[in-house]
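Chemist: This structure is in structure tokens; I'll ask about it shortly.
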Amino acid sequence: MLQKPRSRGRPNSQAERERDWGHGAAEEAPSTSRGAGSSQEARSSSSQGSRRAEASPEVGPRSQQQLELKVAELVQFLLIKDQKKIPIKRTDILKHVIGDYKDIFPDLLKLAAERLEYVFGYKLVELEPKSNTYILINTLEPVEEDAEVRGDQGTPTTGLLMIVLGLIFMKGNTIKETEVWDFLRRLGVYPTKKHLVFGDPKKLITEEFVRQRYLEYRRIPHTDPVDYELQWGPRANLETSKMKVLKFVAKVHNQDPKDWPAQYCEALADEEARARPETSGPAPSS
């Protein structure tokens, strides 16, 4: 779901773009509190005993996995600090979260801000110009353009619902529940942990959204261990559309909906079908 910082180019293929939306889940990565790269390890081993706390050591390239984890860690830190409604200092962010990632701090903060807004319904703003302190603002009333993309009134759970609807659509309109959680873990949302914004995420997705008819939740026969699958429910089809969900996915990725040609063609066909008037009975004879 994230783009590597400093990389404004579009993904090379549809397969690469789809990978972040349910095609291949991220495995548990090593701790991200240290920079990656064998060259750095070689330097540190050859210079044992000579610490350079104030120096700026060269840092090897970070993997997409490490960036995902670091942004998720930053988002969780901001959500936790916001509970006290005390402005969050940049120095605290650097000290407790960023560590050796200071060289890409602006990129990490931008990615975290985007995730906070589109997934959790919060906007990260600087309290005063050049104050280096931040607060989170609840964006329950999104601007008109975002309301069109998000699908409805923009409550904090709407972002999570749109993420799940996007995963379902990008996977061919059906997705295994295990694949959903594999993806959501990368956002810091776990099925067995209470979340600061969503409460009980598993109950919200598999019970509340199902009861509201946004999702269909069915057991997959002959699976061991038992697994379930998710599809769009009738209310999702009435309140939003495949094109709106694809636009949401594209906006999160800072891409164009046409970058997913198969899904874009399907969404266009869905729009055309919706635009056709429904026939309530046989046409009158002339």
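Chemist: Looking at G99, is it more than 20 Å from Y190 (Cα to Cα) and not assigned by the TED database to the domain that holds V197?
Modeler: Yes: the conditions hold for G99.
Chemist: Right, here's the next one. Failed condition for E207, given (1) open to solvent by 60 Å² or more (accessible area, probe 1.4 Å); (2) free of Cβ contacts under 8 Å to residues at least 24 places away in the same chain; (3) over 14 Å from V164 (Cα atoms), with all others met?
Modeler: (3)
Chemist: While we're on this one: Only one of (1) in the same structural domain as T158 (by the TED database); (2) closer than 23 Å to A112 by Cα; (3) among the polar types (S, T, N, Q) fails for Q255. Which number is that?
Modeler: (1)
Chemist: For T223, all conditions in the list (1) open to solvent by less than 50 Å² (accessible area, probe 1.4 Å); (2) modelled with pLDDT of 90 or more; (3) more than 15 Å from F169 (Cα to Cα) hold save one; what is the number of the exception?
Modeler: Just one mismatch for T223, condition (2).
Listed here are the residues, each with its yes/no results for (1) part of a helix (DSSP H, G or I); (2) over 22 Å from P257 (Cα atoms); (3) charged (D, E, K, R); (4) at pLDDT 85 or above.
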site: K81; (1), (2), (3), (4): yes, yes, yes, no
site: I93; (1), (2), (3), (4): yes, yes, no, yes
site: Y101; (1), (2), (3), (4): yes, yes, no, yes
site: L109; (1), (2), (3), (4): yes, yes, no, yes
site: A113; (1), (2), (3), (4): yes, no, no, yes
site: V125; (1), (2), (3), (4): no, yes, no, yes
site: I137; (1), (2), (3), (4): no, yes, no, no
site: G172; (1), (2), (3), (4): no, no, no, yes
site: T178; (1), (2), (3), (4): yes, yes, no, yes
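Chemist: Can I ask one more? Report, by residue number, each residue of the range 234-263 that is of a type outside the set (D, E, K, R), surrounded by fewer than 19 Cβ atoms within 10 Å (Cβ to Cβ) and not in a helix (DSSP H, G or I).
Modeler: Listed by number, the residues that qualify are S241, N254, Q255.
Chemist: Of the residues Y217, Y190, only one is open to solvent by 60 Å² or more (accessible area, probe 1.4 Å) and under 18 Å from the mean Cα position of the chain (by Cα); which?
Modeler: Within the list Y217, Y190, the selection yields Y190.
Chemist: Related question: Take the range 180-210 and flag every residue that is hydrophobic (A, V, I, L, M, F, W, C) and in a helix (DSSP H, G or I).
Modeler: Across the range 180-210, the qualifying residues are V180, W181, F183, L184, L204, I205, F209, V210.
The values are calculated or read from the model by the stated rules, or taken from the named source; none is laboratory data. In this text, all values refer to a predicted model and were calculated from it rather than measured experimentally. In this analysis, Cβ positions are derived from the backbone assuming ideal geometry, glycine residues included, and neighbour counts consider all displayed protein chains. Accessible surface is based on the protein model in full, side chains and every heavy atom, while ligands, DNA and RNA are left aside. Shrake-Rupley method; radii C 1.70, N 1.55, O 1.52, S 1.80 Å.
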